[in-house]
Amino acid sequence: MAPWQTLNNKLNNPPHFIRKRPALGHKTAAVRLHLFMISLFFTREKVFRLKPVLDEHVTLIKELAKSIEVPCCLLFLFHTPYNAILTHYRCLMGLLVMEKHTLDLLIWIFHSLNVHSDTQSMVLIEDLQAAVDGQADNKPTPRTHSYTKYNNWDKVQSWIASISSSNPSLISKQVIGNTYEGRPMTVLKLGKKSGSTKPAIFMDCGIHAREWISPAFCQWFVKEALSTYGSDSQMTSLLDQMDVFVLPVFNIDGYDYTHKSNRMWRKTRSRRSGSSCIGADPNRNFNAGWCTIGASSNPCSDTFCGYTPESEIEAKNVADFIRRNKSIIKSYITIHSYSQLLLFPYSYTYELAAHHSELLKVAEGASAALRSLYGTRYTSGPGATTIYPAAGGSDDWAYDLGVKYSYTFELRDTGRYGFLLPESQIKPTCEETMLAVKYIAAYVQKNLY
């Protein structure tokens, strides 16, 4: 008998905390009955971390996520998407957002199926809405842009206009296209003006809308590059000899939506006739093993790979820009959160990249540089084995295109706050990440190909 058949039988004779509820005959109804819809506000919701131990635990969690009519990001809100759980079920993962009685139900399910073993859970956040509200550290939000605040898109856009005209000899801007909702995607070019073409690094932030610390870092990087040029020998040398293209926010539509409507939104905001589902995961939308593993073909899934590679205009705009500048771009760096990882290809296959040893050496050196400031520990390695397999990622795509030094940062933290990293941690996170990015940049500068 399938686990869900057994589950349905047992749910018709539930324990005391869910009695007085109707008998259940269908797995979707069984789950739907006991989960509250989580929309724009997360009142009374807790964040739990569940530790699956056996394969059966993973199967049940996976089925729960597939069956529920709540986006998967709200079940596995602060960590890996559900379709990656089978690979990493022995790690502490599978963070659940639900009311307490729902967690009781899930643990009871494990008990009922005689697979409970040492399944463990812990409460990470007692009140999710309070954590969302408290991200600003209870300080008033300034009316103008701040490098130690999570700026909304309007402020970021004004900052782009201002910073790009602040020092014409070191910075310029270029619109590489518009988003689905018509917002301009502006790339900032940092580097001393030169009469000849220089090798370059491309860095983007905010590919996933809810990862607010990511755009905060790109803004910080631009500030530091401009303010330390001439005084910091490493930055001066870098901008003299190379250009750095910075895309401050990749997924602008989604980012704007997280500030105005749903803090936990991940995807783009594209729509397709005939479907009520919105958006795709832009980091599953690149043509690198597209939609083969760690991605979903379900348009409602948080890891939806899109209808075709580069179906999302944001992904296409970035891919087109990198293709046009393929001859000069020597490194691709994409900033995500969270988990404190420094990843490199591959994520869509377990095979090692051709330059695996060198990529690992650089990643470990960058991680050591980062750790030297505040002691923050990062783990380095290929995406598939270090975090989870996932096809369609921008880093794998860039590497296969010929951009040798392709890296993905997963910034702070490891789950205590997750995507809701307090603003008090913006400064230390950006300071330490600067050291790692500068380490990679210096290595690339000395090892051009």
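The values are calculated or read from the model by the stated rules, or taken from the named source; none is laboratory data. In this text the structure is predicted, and so the values were computed from the model without any measurement. Here the Cβ positions follow ideal geometry from the backbone for every residue, glycine too, while neighbour counts run over all protein chains shown. SASA here: full protein model, heavy atoms, side chains in, ligands and nucleic acids out. Shrake-Rupley method; radii C 1.70, N 1.55, O 1.52, S 1.80 Å.
Couple of notes before you dig in:
- Legend: translational diffusion of segment 346-398 by Stokes-Einstein, Rh = Kirkwood radius over C-alpha pairs, 37 °C, 0.692 mPa s; D = 276 µm²/s.
- Calculated over segment 288-399: convex hull of Cα atoms, volume per residue (Å³): 116
- If the chain linking S273 and E431 were pulled fully straight, counting 0.36 nm for each residue of separation and taking away their Cα-Cα distance, it would gain 52.4 nm.
- Charges were assigned to the Cβ only: +1 to each Lys and Arg, -1 to each Asp and Glu. The resulting dipole of segment 123-245 about its Cα centre is roughly 580 debye.
- Contour minus Cα-Cα distance for C300 and D320 (0.36 nm per residue): 4.5 nm
- Cα lying deepest toward the dipole's positive end in segment 185-298, options S273, N283, F245, charges on Cβ: S273
- Taken over segment 257-381, lysine pairs spaced eight or more positions apart, or on distinct chains, with alpha carbons under 30 Å apart number 8.
- Using a probe of 1.4 angstrom and keeping all protein chains present, the accessible surface of segment 307-368 works out to 37 square angstrom per residue.
- Difference of contour (0.36 nm per residue) and Cα-Cα distance, A130 to L373: 84.4 nm
- Distances between placed amide hydrogens fall under 5 Å for S296 paired with T303, F304, C305, all partners being 5 or more residues away or on another chain.
- Projecting the Cα positions of A368, Y388, Y405 onto the charge dipole of segment 366-449 (unit charges on Cβ atoms of Lys, Arg, Asp and Glu, taken about the Cα centre) puts A368 furthest along the positive direction.
- Rounded to whole numbers, the Karplus 3J(HN,Hα) couplings from phi for segment 229-240 are 4, x, 10, 9, 4, 5, 5, 4, 4, 4, 6, 6 Hz, using 6.51 cos²θ - 1.76 cosθ + 1.60 with θ = phi - 60°, and x at Gly and Pro.
- Each Lys and Arg contributes +1 and each Asp and Glu -1, all at the Cβ; summed about the Cα centre of segment 364-428, the dipole is approximately 300 debye.
- Using a probe radius of 1.4 angstrom, the carbon and sulfur fraction of the accessible surface of segment 316-368 is 51%.
- Residues in segment 412-428 carry Karplus couplings, in order, of 4, 10, 10, x, 4, 10, x, 6, 9, 4, x, 4, 4, 9, 4, 4, x Hz; the curve used is 6.51 cos²θ - 1.76 cosθ + 1.60 with θ = phi - 60°, and Gly or Pro positions show x.
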